[in-house]
1. Can you tell me which residue among Ser78, Ser110 is under 30 Å from Gly426 (Cβ atoms) and hydroxyl-bearing (Ser, Thr, Tyr)?
2. Determine which single condition Leu402 fails, assuming it passes every other condition in (1) within 17 Å of Lys81 (Cα to Cα); (2) touching a residue at least 40 places away in the same chain (Cβ under 8 Å); (3) of a type outside the set (Asp, Glu); (4) not in a helix (DSSP H, G or I).
3. Of the residues Ala438, Ala414, Ala432, which single one is in contact (Cβ under 8 Å) with a residue 40 or more places away in the chain, aliphatic (A, V, I, L, M), surrounded by fewer than 24 Cβ atoms within 10 Å (Cβ to Cβ) and in the same structural domain as Arg57 (by TED's automatic domain parsing)?
4. Return the residues of segment 353-370 that are of a type in the set (A, V, I, L, M) and touching a Phe, Trp or Tyr at 6+ places or on another chain (Cβ under 6 Å); say none if nothing qualifies.
5. Testing Ala352 on (1) surrounded by fewer than 19 Cβ atoms within 10 Å (Cβ to Cβ); (2) assigned to a helix (DSSP H, G or I), one condition comes back false. Which one is that?
6. Can Gly395 be described as within 18 Å of Gly378 (Cα to Cα) and in the same structural domain as Pro359 (by TED's automatic domain parsing)?
7. How many residues does segment 60-84 hold that are under 26 Å from Ile262 (Cβ atoms) and out of contact with any strand residue (DSSP E or B) (no Cβ under 9 Å at 6 or more places or on another chain)?
8. Pairs please, first residue from segment 334-346 and free of Cβ contacts under 8 Å to residues at least 60 places away in the same chain, second anywhere and of a type in the set (A, V, I, L, M, F, W, C) and part of a helix (DSSP H, G or I), Cβ atoms under 9 Å, 6+ apart in sequence or on different chains.
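The values are calculated or read from the model by the stated rules, or taken from the named source; none is laboratory data. This one's a predicted model, so the numbers in the text were calculated from it and none came from an experiment. Don't worry about glycine lacking a Cβ; one is built from the backbone with ideal geometry, like all the others, and counts go over all protein chains shown.
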Amino acid sequence: MRSLLWYPLLLTCLVTGSAVGPAANAAEVTLRAVLSPAVSALLAHPPSSVHLGLLVRDLDTGKVLEAARPDELFVPASTMKLVSMAARLTQGGPQSRYSVEALAPAQEVSRHAKSLSRLSLRGLGDPSLSVTGLYSLSSLAQQLAKSGIEEVGELSVAPTIDSTTWPALPLGTPLVPLRLQEYPGWNDTPENYAGRVTDAFAGQLRAAGIRVGAAASGLGRLVGQQSAQQFGRVTPGYSATPASTADVPEVSLASVQSAPLIALLRQTLKPSDNVWADQLAARLGQVPGQASTASLTHAGMLAGLRRFLIQVGVKPAPLSLSDASGLSEANRLTPRTLVTVLERMYDLPITALKTPLTPAEAFAQRKNLFIEALPRGGTGISSAAARAEGGTLAGRFVGSGLDVRAKTGTLPGASSLAGYVRGKSGHVLAFAIMVDQAPGNTLDLRAYQDRLLKVIAQSH
């Protein structure tokens, strides 16, 4: 059993970024394979000629149980989300929330004007905002109506995220400051997407009894018309981009808050949502302790990922980081990278409890929030609840008796599985099985990984 005395020290290192000593952050190079006979026999017969890496560590003893190419680089696919979402949870904390605000010119608010020349929507990329509901544009509009606002001229979206710095997301979906669940944004542009947001907000304002745009006594300016025309609509008075008066001091007139961050991570990790992962990770670009009004950038997000890796004891070089979702084939991680992240998230269990638990207790009682946000093997798909809990592992390990909580990852020619499994000894094992350069069907690779994990659990 690991001593609990080092947990406060490691927690300090996660917060400050300081090192815990050579043993914790030095590269642990495996010069030869460390394999049990049963695992070695299975590795000798993969479904096809592939590049395969494996690392298994006993989290109760710290001992490496299985290792094959643990320090070689692989395409992680969606196991990249283990790194990005662990980084985001460590940065923000499980109960932190996103907010969206409706901002108005301070001068107009100070004189209690019922007619506003403009409103600006400000958010930081959270993908869970809706048109209607508790966390929604509708709620913002209703708050404004109750405050006595009767008309609004121009509507805009504050440029809190520099969308142009991000590579295209899945199917051409842009990374944007405000994302609505109702609008996936396939093959859209950031400008057009902002137009959709302001369109939806205008509709909710009107539903709340507030006049908008041309109906607001000509208070607005005709801006962003080209973007609107591309969607077959021209709505004078509100824009997809901030107005030239954006430097005028603004104050918040209405705001809504998202669900806690941990709930958003569950909705991201279990179904392996690429768009949500990249949107949530954008905030990694905020430098700790440094207030800034500058827009978040892709380079800033990657820098945040590297800071996290250093904090948990991983040297970012020679890793290749391209996105937070793992959709990019330019990402390169090692099995040791993933296991190190898994180990740290186990050793320092983030829970919702005031009474601290040991890592083993948190795992056994299903109180480690990060681990419980992962897909869970063997739940089956007989009900919506089972499918939601199991996520991408719902249909795998059914009837096996294994306690598996892990992240899947699949791209053409690549398939990975990394997470936690309880071994025959009762110990919790952190594992990473990474495969790329595969010419065959990734379904065969998944079945092979499942067999391999069963053998690992039965051997230890």
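1. Values: Ser110 fails: under 30 Å from Gly426 (Cβ atoms).
Checking each option against the conditions leaves just Ser78.
2. Going through (1) within 17 Å of Lys81 (Cα to Cα); (2) touching a residue at least 40 places away in the same chain (Cβ under 8 Å); (3) of a type outside the set (Asp, Glu); (4) not in a helix (DSSP H, G or I) one by one, Leu402 breaks only (1).
3. Numbers: Ala414 fails: surrounded by fewer than 24 Cβ atoms within 10 Å (Cβ to Cβ); Ala432 fails: surrounded by fewer than 24 Cβ atoms within 10 Å (Cβ to Cβ).
After ruling out the rest, the residue left standing is Ala438.
4. Restricting attention to segment 353-370, the residues satisfying the condition of being of a type in the set (A, V, I, L, M) are 353, 357, 360, 362, 364, 369.
Selection gives nothing.
5. (2)
6. Values: within 18 Å of Gly378 (Cα to Cα): yes; in the same structural domain as Pro359 (by TED's automatic domain parsing): yes.
Yes; evaluated as a whole, the condition is true for this residue.
7. Step one: list which residues in segment 60-84 are under 26 Å from Ile262 (Cβ atoms), which gives 60, 76-84.
Pick out the ones that are also out of contact with any strand residue (DSSP E or B) (no Cβ under 9 Å at 6 or more places or on another chain) and you get 84.
So the count comes out to 1.
8. Thr340/Leu309; Thr340/Val312
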